[in-house]
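Right, one structure below, let's go through it.
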Amino acid sequence: MISLQRVTKRLGGQVVVDDVSLLIAAGTTHVLLGSSGSGKSTILRLILGLLQPDAGEVKVDADTERPSRSIGYVVQEGALYPHLTVARNVALAARAEGWEDARQRTRLRALAELAGLDGELLDRYPAELSGGQRQRVGLMRALMLDPPILLLDEPLGALDPITRAELQTQLVRIFGELRKTVVLVTHDVREAFVFGAGITLLNHGRVVQHGTFADLARRPASPFVAEFLRAQAPPPEMTREL
Amino acid sequence: MKATLVLVALCATALWPSPAPSQPSAIRVGSKSFTESYILGEIVAQIIDGAGEARPERRFGLGGTGIVYGAIASGDIDVYAEYTGTIAQAILKTPAVTSVEPLRAALAPLGLTLSGPLGFENTYALAVRRDAAQRLQLRSISDLAKHPTLRAAFDPGFLERPDGWPGLKAHYGLAFADVRIMEHALTYPALANGRVDVIDVFSTDGQLARLDLVLLDDDRRFFPPYAAVLLARRAVAERFPRTWAELQGRLVGRIDTATMTRLNALADLDRRPFADVAATFLGDTARAPRAARSGRELLTPGRELVTLTVEHLELVVIAVAVAMLLGVPLGILAARRPRLAQVELMGVGVLQTIPALALLAFMIPLFGIGTVPALVALCLYALLPIVRNTHAGLASLDPRLVEMTTVLGLTGWRRLAWIELPLASVTIMAGIKTSAVLTVGTATLAAFIGGGGYGTLIVTGLALNDVATILRGAIPSAVLALAIHAAFEGLDRLVIPRPLRGGP
């Protein structure tokens, strides 16, 4: 379970998270939706403990001594270490935990299969991979220690449309198989629709509306909600043609 | 792992003991880095050798007064040739005292003593061409005041010093149509070619023996007397009385201005080795080969190159290794503590602004002369590029990659060793490479405080104004810089992870 109670965070003199309360039940997938500057990535970093709130409280069911065992974190383009092979990148947290090589290798193979990554790529360097492959490696690294919580910050942001659609489908499948607590940050309304049982729409650091996609679409809390959803909807003529 | 091995090897080199201190039966003879001082040093060394009481040890080319006096004051050398005017003005700071007896009395509390005057003075003088002197009836400096259309060329030192041109001008009321700054060695050809009419000279310059010049009489006694004497540690003079008596007997009052000028000309103009020139003066050619055994002058070029290369490499490798062992941790510390970084980077920056020669001179009171102070100074000099690049490399890492180390549970040394140092390795190695190549060049200055290396030839060559000798030191130094650069390119392959290396 993850809970934020009336959390406020200022960065560089600006309020980036403003009195946000949020409750995410264990085993569910939750989407933080908003345009850039809405404070959604900052909320992830507050959950990770990389930032401390200026006001309010962040509570996470996690090993506070070793948060790496409890929370996996995936960012846009993977943030892989260019000097390490794929295998080394993925195994970093396990090496820090002192896992034996054999155990690391077994886990690597299982993860490659889960993420749909060709096993031959394990000995390559990140620069030799495609964007979609790097994103899969980022996911594998986050899952190495099998943490109960998985945080993803625009994981599909920098991909071409076909790769994005393919990876999106696979992520939905993976989240379903793993039954982890997933928090996914995106600006993309369709991603929110695909992933989220629960969606929180943010604007300028404030929560605009909590709810399912249907809630947001049918009972928008403010004109902003309707506007935000409509702005990204394909024109009806286009949908008809497709 | 490989990087660790390299580091361990470098540590071992750095801790290697420096050469053992000289044996007690040696008398260490110093000299400044100009021809006359080398020749007098060589003469003193050969007389000591002949007396048979102690073995002479040559520590020649120790820069200027500051360095060579520092060396005798701290007990690193035992005797060298000095001038009364310099002792009065620069050492004792009592310009009024100029004769030998009161100077000797003033030096006694410092544990030093003086020989009697050797017989010549090496003082500033003004020189004109003989034809001009006859045409304009110039005999003394006073006569110059009547000819304000003359052109002069002075060396930078003479132009600045109060006992040089500024004082002289006021003392005699002189004015010239044109006063140029010119390197001392170039003023002679300028005068001979008629491009200028008056130049400043030292009264024993070898050139004076060959060119048809007239030294103008200092008729109103402006230039202080610079009589040559031997400055020695009293303890050594007392411990080897026969040698000290022999030195006084064979030198005091025995070298007149004409003789010294002739000896300088032999070295400066005829390119005769100092040991030869000294032996010529002593009239004992049989001694020259004996001197050759200990002196550097007569080594075969090949042997000389090997010896100097080993000395030079030793300086560079140890200095850079120690600078790495200090500089990389200092750079890491600076990257961790931004406020400390300001102070630290400014500190190493200030070190860099100290002229290398001055830094070497500061080392003498602390570490004496020779290899150790040279290493300390070189090491301090080598620090800046290493500290700065380590700091810059770590501070400029992608913050998302650094943040991810926390998320992955990498803390302390793991974060540093697995992620940060490898990612910054290109920048850090570039700093170390810069530092090493710079140190090869800076190490040539070590010769000024007896640190050895290629600089020995450069310092000698500068004293003789002999380009060939300078090049014998400068070319190997440049080659060594290239070789060191290539060696570090190789080291890059060991230290920098493959995907981070540029190129094919």
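The values are calculated or read from the model by the stated rules, or taken from the named source; none is laboratory data. None of these values were measured; they are calculated from a predicted model. All Cβ positions, glycine included, derive from the backbone under ideal geometry; neighbour counts span all protein chains shown.
Of all the helices (runs of 4 or more DSSP H) wholly in the stretch B:419-504, which have at least 2 residues that are in contact with a Lys or Arg (Cβ under 6 Å, 6 or more places away or on another chain) and among the polar types (S, T, N, Q)?
Working: elements: B:421-442, B:455-464, B:467-495.
Because the criterion is at least 2 residues that are in contact with a Lys or Arg (Cβ under 6 Å, 6 or more places away or on another chain) and among the polar types (S, T, N, Q), no helices (runs of 4 or more DSSP H) in the stretch B:419-504 meet it.
Counting the residues of the stretch A:88-122 that are more than 14 Å from chain B (Cβ to nearest Cβ) and among the small types (Gly, Ala, Ser) gives 6.
Considering only residues in the stretch B:85-98 that are surrounded by fewer than 22 Cβ atoms within 10 Å (Cβ to Cβ) and touching a residue at least 60 places away in the same chain (Cβ under 8 Å), the one that is farthest from the chain's Cα centre (by Cα) turns out to be B:98.
Scanning the stretch A:194-204 for residues that are modelled with pLDDT of 90 or more and in contact with a helix residue (DSSP H, G or I) (Cβ under 8 Å, 6 or more places away or on another chain) gives A:199, A:201, A:202, A:203.
Annotation: residue A:78 fulfils all but one of (1) farther than 15 Å from residue A:147 by Cβ; (2) within 8 Å of another protein chain (Cβ to nearest Cβ); the unmet one is (2).
For the stretch B:71-84, does any single residue satisfy the condition of being over 28 Å from the mean Cα position of the chain (by Cα), among the acidic types (Asp, Glu) and assigned by TED's automatic domain parsing to the domain that holds residue B:37? Quick ask: steps written out before the conclusion?
Residues of the stretch B:71-84 over 28 Å from the mean Cα position of the chain (by Cα): none.
No, there is no match, as no residue in the stretch B:71-84 is over 28 Å from the mean Cα position of the chain (by Cα), among the acidic types (Asp, Glu) and assigned by TED's automatic domain parsing to the domain that holds residue B:37.
One residue stands out in the stretch A:127-147 among those that are assigned to a helix (DSSP H, G or I) and either in contact with a Gly (Cβ under 7 Å, 6 or more places away or on another chain) or exposed (fewer than 12 other Cβ atoms within 10 Å of the Cβ) (or both): the one that is nearest to the other protein chains (Cβ to nearest Cβ), namely A:127. Considering only residues that are outside any helix (DSSP H, G or I) and β-branched (Val, Ile, Thr), look in the stretch B:248-268 and name the one that is farthest from residue B:207 (Cα to Cα). Applying the filter and picking the extreme gives B:252.
Residue by residue through the stretch B:162-186, note down the ones that are modelled with pLDDT of 85 or more, out of contact with any Pro (no Cβ under 9 Å at 6 or more places or on another chain) and not small (Gly, Ala, Ser). I'd like the intermediate steps shown before the answer.
Residues of the stretch B:162-186 that are modelled with pLDDT of 85 or more, as a first pass: B:164-180.
Okay, now just the ones that are also out of contact with any Pro (no Cβ under 9 Å at 6 or more places or on another chain), so B:164-173, B:178-180.
Answer for the stretch B:162-186, where residues must be modelled with pLDDT of 85 or more, out of contact with any Pro (no Cβ under 9 Å at 6 or more places or on another chain) and not small (Gly, Ala, Ser): B:165, B:166, B:168, B:169, B:171, B:172, B:178, B:179, B:180.
Here residue B:478 fulfils each of the conditions (1) without any contact (Cβ under 8 Å) to a residue 12 or more places away in the chain; (2) within 14 Å of chain A (Cβ to nearest Cβ) apart from (2). Screening the candidates B:34, B:60 for the property of being among the aromatic types (Phe, Trp, Tyr) and modelled with pLDDT under 90 yields one hit, B:34.
Kindly evaluate residue A:171 against the criterion of being crowded, with 23+ Cβ neighbours inside 10 Å, without any contact (Cβ under 8 Å) to a residue 40 or more places away in the chain and not acidic (Asp, Glu). When the stated conditions are applied, residue A:171 passes them.
Scan the stretch B:381-423 for residues that are basic (Lys, Arg) and either more than 10 Å from chain A (Cβ to nearest Cβ) or touching a strand residue (DSSP E or B) at 6+ places or on another chain (Cβ under 7 Å) (or both) and jot them down. So that I can check it myself, show each step before the final result.
Initially, the stretch B:381-423 is screened for residues basic (Lys, Arg), giving B:388, B:400, B:414-415.
Listed by number, the residues that qualify are B:388, B:400.
All told, residue A:95 meets the bar of being basic (Lys, Arg) and surrounded by 14 or more Cβ atoms within 10 Å (Cβ to Cβ).
Residues in the stretch A:206-242 that are surrounded by 11 or more Cβ atoms within 10 Å (Cβ to Cβ) and hydrophobic (A, V, I, L, M, F, W, C): A:207, A:208, A:213, A:216, A:217, A:221, A:224, A:225, A:226, A:228, A:229, A:233. Residue B:5 satisfies every condition listed in (1) in a helix (DSSP H, G or I); (2) modelled with pLDDT of 95 or more except (2).
Do the conditions hold for residue B:174, that is, is it touching a residue at least 24 places away in the same chain (Cβ under 8 Å), in a loop (DSSP other than H, G, I, E, B) and closer than 24 Å to residue B:131 by Cβ? For residue B:174, the condition - touching a residue at least 24 places away in the same chain (Cβ under 8 Å), in a loop (DSSP other than H, G, I, E, B) and closer than 24 Å to residue B:131 by Cβ - is met.
Annotation: of all residues in the stretch A:24-50 being more than 14 Å from every other protein chain (Cβ to nearest Cβ) and within 12 Å of the chain's Cα centre (by Cα), the one that is surrounded by the most Cβ atoms within 10 Å (Cβ to Cβ) is A:43. Looking at residue B:469, is it more than 30 Å from residue B:265 (Cβ to Cβ), away from every other protein chain (no Cβ under 13 Å) and of a type in the set (S, T, N, Q)? Judged against the criteria, residue B:469 is not a match.
Just to check your reading of the model, which residue among B:397, B:471 is within 22 Å of residue B:314 (Cα to Cα) and not acidic (Asp, Glu)? Step through it out loud before you land on a result.
Values: B:397 fails: within 22 Å of residue B:314 (Cα to Cα).
Just a single option satisfies the conditions, and that option is B:471.
In summary, residue B:149 fulfils each of the numbered conditions (1) surrounded by fewer than 20 Cβ atoms within 10 Å (Cβ to Cβ); (2) in the same structural domain as residue B:252 (by TED's automatic domain parsing); (3) of a type in the set (Ser, Thr, Tyr) with the single exception of condition (2).
Consider the stretch B:108-139. How many of its residues are closer than 24 Å to residue B:261 by Cβ and surrounded by 15 or more Cβ atoms within 10 Å (Cβ to Cβ)? Quick ask: steps written out before the conclusion?
Narrowing the stretch B:108-139 to residues closer than 24 Å to residue B:261 by Cβ: B:114-134, B:138-139.
Imposing the further condition that a residue be surrounded by 15 or more Cβ atoms within 10 Å (Cβ to Cβ) reduces the set to B:114-129, B:132-133, B:138.
Residues flagged as closer than 24 Å to residue B:261 by Cβ and surrounded by 15 or more Cβ atoms within 10 Å (Cβ to Cβ) within the stretch B:108-139 amount to 19.
Has the stretch B:390-399 got at least one residue that is under 18 Å from residue B:337 (Cβ atoms) and at pLDDT below 90? No; the residues of the stretch B:390-399 include none that is under 18 Å from residue B:337 (Cβ atoms) and at pLDDT below 90.
Considering only strands (runs of 3 or more DSSP E) fully contained in the stretch B:38-116, which possess at least 1 residues that are closer than 30 Å to residue B:457 by Cβ and among the acidic types (Asp, Glu)?
Details: elements: B:55-59, B:79-83, B:112-114.
In the stretch B:38-116, the matching strands (runs of 3 or more DSSP E) lie at B:55-59, B:79-83.
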